[in-house]
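Here's the structure, in C-alpha cells; my notes come after.
The values are calculated or read from the model by the stated rules, or taken from the named source; none is laboratory data. Given the structure is predicted, the values throughout are model-derived calculations rather than measurements. In this analysis, Cβ positions are derived from the backbone assuming ideal geometry, glycine residues included, and neighbour counts consider all displayed protein chains. Surface accessibility is based on the protein's heavy atoms, side chains included, excluding ligands, DNA and RNA. Shrake-Rupley method; radii C 1.70, N 1.55, O 1.52, S 1.80 Å.
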Amino acid sequence: MTTTTLSSRSEQARTDQRLKITEIFTSIQGESDLSGWPTVFVRLTGCPLRCSWCDTPYSFHGGDWMQIDDIVDQARSARVRHVCVTGGEPLAQKRCLNLLTALCDAGFVVSLETSGALSVAEVDPRVVKVLDLKAPGSGEVGRNDWGNLDHLQAHDQIKLVLADRVDFDWALRQVEAHRLDRWQVLFSPVWGQLEPRQLAEWIVEARAHVRLQLQMHKYLWGEAQGR
Ligand SMILES: C[S@@+](CC[C@H](N)C(=O)[O-])C[C@H]1O[C@@H](n2cnc3c(N)ncnc32)[C@H](O)[C@@H]1O
Ligand SMILES: Nc1nc2[nH]cc(C(=O)O)c2c(=O)[nH]1
Ligand code: SF4
Ligand SMILES: [Mg+2]
C-alpha cells in the first residue's frame with residue numbers, strides 16, 4: 001500500500017471521528033434525576049426538530065468540528081464525574097454513538113438528552129438516556145418514535161415538557177397507554193409558559209405517579225444564562 005493511501009485512510013479515520021460541537025461547558029446539572037451534580041455538558045450542533053418552546057435555538061446552526069478524542073480530553077479537564085451529551089439533537093450526528101461509548105470507557109457517568117425522535121437502539125447501554133418525548137404544545141408531537149421504548153433500560157428516564165393543561169392531559173394518557181411508569185417519568189413545565197406551582201397542583205390532584213422536574217439551572221442563573 002502506498003504512503004498516500006495510508007495517510008488518506010488515516011485522514012479518513014480522523015474525519016470519521018469528528019463531531020460538530022456548539023459548546024462544552026461545566027455547570028450544575030439542572031435536569032433529570034441527576035440534577036444537582038457538577039457536570040460537563042457537550043452540546044452538539046443541529047436538530048431536525050423545531051419545538052415551539054426550545055430554549056437552545058443557537059445550537060441549530062454553526063458549531064465547530066472537534067475530534068472525539070479531543071472532546072473526551074476536554075471533558076476530562078473539567079475534573080467532574082458526570083457528562084451530559086445534549087444539543088441540539090445529539091443523535092442527529094451518527095458519530096455521537098462513538099462519543100457516548102468513548103465517554104463511558106473514560107469512566108464518566110454519562111447521560112444523554114434526546115428528543116426520542118431518532119432511534120436510541122444503538123446507544124451504549126451504560127448511558128443514562130433521558131427521552132424527552134414531545135407533547136402537542138411543542139408542535140412536534142408527530143415526531144415521537146414510540147418504538148424507542150423497546151430500547152430503554154431501568155436507569156433511563158422519560159421527560160415530558162408541558163406547556164398547558166392540554167399537554168398535561170395528553171401526557172397522562174400517554175403514561176397510561178404506553179405504561180411509561182415502567183421508567184421514571186418527569187413532568188417539566190415550559191419555562192415562562194406554565195407556572196411550576198400549577199403543574200405541581202395538577203400532579204397532586206391527579207395522584208399521577210410522575211416526578212415534577214424544574215430546570216434548576218434557570219433558578220440559579222436565570223433563563224438568559226441558561227447554562
Ligand atoms: C435543548 S434540548 C436538547 C436535547 C434534545 N434535543 C431534547 O429535546 O431533549 C434539552 C432539554 O431542554 C429542555 N427544554 C428546552 N427548552 C425548554 C423550555 N423552554 N422549558 C423547559 N424545558 C426546556 C427539554 O426538556 C429538553 O429535553
Ligand atoms: N445546567 C444545565 N443543565 C442542563 N441539563 C440539560 C440541559 C440541556 O440543555 O440539555 C442543560 C443545560 O442547558 N444547562
Ligand atoms: S428536539 Fe430538543 S433541541 Fe431540538 S428543537 Fe426540540 S428541544 Fe430544541
Ligand atoms: Mg439547556
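Only residues in region 124-136 that are farther than 12 Å from E31 by Cβ and touching a residue at least 24 places away in the same chain (Cβ under 8 Å) count as the first member; pair them with residues that are open to solvent by less than 20 Å² (accessible area, probe 1.4 Å) and within 10 Å of ligand 1 (Cβ to nearest atom), Cβ under 6 angstrom, at least 6 apart or cross-chain, and list the lot. Short answer, once both residue conditions are applied: V127/L112; K129/L112; L131/G116; L133/G116; L133/L160; A135/L160; A135/L162.
Whether a residue is among the hydroxyl-bearing types (S, T, Y) and modelled with pLDDT of 95 or more was assessed, and S35 passes this test.
Given the structure, is F168 of a type in the set (F, W, Y), out of contact with any Ser or Thr (no Cβ under 9 Å at 6 or more places or on another chain) and away from ligand 2 (no atom under 16 Å from the Cβ)? Yes, satisfied.
Checking the structure you have, find out if any residue of region 8-20 is at pLDDT 90 or above, open to solvent by less than 40 Å² (accessible area, probe 1.4 Å), farther than 21 Å from V128 by Cβ and touching a strand residue (DSSP E or B) at 6+ places or on another chain (Cβ under 7 Å). Checked against the condition, which is being at pLDDT 90 or above, open to solvent by less than 40 Å² (accessible area, probe 1.4 Å), farther than 21 Å from V128 by Cβ and touching a strand residue (DSSP E or B) at 6+ places or on another chain (Cβ under 7 Å), region 8-20 yields no hits at all.
Within region 116-123, not a single residue is of a type in the set (D, E, K, R) and in contact (Cβ under 8 Å) with a residue 40 or more places away in the chain.
Every residue, every condition in (1) open to solvent by 40 Å² or more (accessible area, probe 1.4 Å); (2) free of Cβ contacts under 8 Å to residues at least 24 places away in the same chain; (3) out of contact with any Leu (no Cβ under 9 Å at 6 or more places or on another chain), yes or no:
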residue	(1), (2), (3)
S27	no, no, no
E31	no, no, no
L34	no, no, yes
R43	no, no, yes
P48	yes, no, no
D55	yes, no, yes
W65	yes, no, no
I68	no, no, no
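The criterion of being assigned to a strand (DSSP E or B), closer than 26 Å to Q93 by Cα and open to solvent by less than 20 Å² (accessible area, probe 1.4 Å) does not hold for L149. Are any of the residues in region 187-202 among the β-branched types (V, I, T), more than 16 Å from ligand 4 (Cβ to nearest atom) and modelled with pLDDT of 95 or more? For region 187-202, residues among the β-branched types (V, I, T), more than 16 Å from ligand 4 (Cβ to nearest atom) and modelled with pLDDT of 95 or more: absent.
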